[in-house]
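Student: This is the structure I have questions about; it appears just below.
The values are calculated or read from the model by the stated rules, or taken from the named source; none is laboratory data. Remember, predicted model here, so these are calculated numbers, not experimental data. Here the Cβ is made from the backbone with ideal geometry for all residues, glycine too, and neighbour counts use every protein chain on show.
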Amino acid sequence: MKWINVNDRLPQVDDRVLVYTSKFGGKVLVMHRQHDCDWWHGDSRGIWIDNSHVSHWQPLPVAPVDGCEK
């Protein structure tokens with residue numbers, strides 16, 4: 001899958017996607033767009049990132065059906 005620049009298009013609100021963030025020295029995280037101005041990573045730490053730290057995103061890959069890839 002290709003990375004999508006947030007200046008070109010944003011995912012729908014509440015869609016879980018991979019995002020590249022410049023925060024924390026540059027990371028790829030699974031997040032969802034909570035509003036027009038922020039992203040949320042809903043693990044136990046509850047990481048919130050505003051749009052200025054997210055440059056690209058892409059849809060999550062399809063999960064394997066049987067729980068493992070062959």
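Student: Would you point out the residue of segment 28-44, among those that are surrounded by 14 or more Cβ atoms within 10 Å (Cβ to Cβ) and of a type in the set (D, E, K, R), that is modelled with the highest pLDDT?
Tutor: Here the answer is Arg33.
Student: How do the strands (runs of 3 or more DSSP E) wholly within segment 1-42 filter down when requiring 3 or more residues that are closer than 10 Å to Pro59 by Cα and of a type outside the set (Gly, Ala, Ser): which remain? Break it down into steps so the answer makes sense when it comes.
Tutor: Values: elements: 16-21, 27-33, 38-41.
Filter on segment 1-42 gives 16-21.
Student: Further, regarding this structure: Restricting to segment 45-60, and then to whatever is part of a strand (DSSP E or B) and without any contact (Cβ under 8 Å) to a residue 24 or more places away in the chain, can you tell me which residue is surrounded by the most Cβ atoms within 10 Å (Cβ to Cβ)?
Tutor: Going through the qualifying residues, I end up with Ile47.
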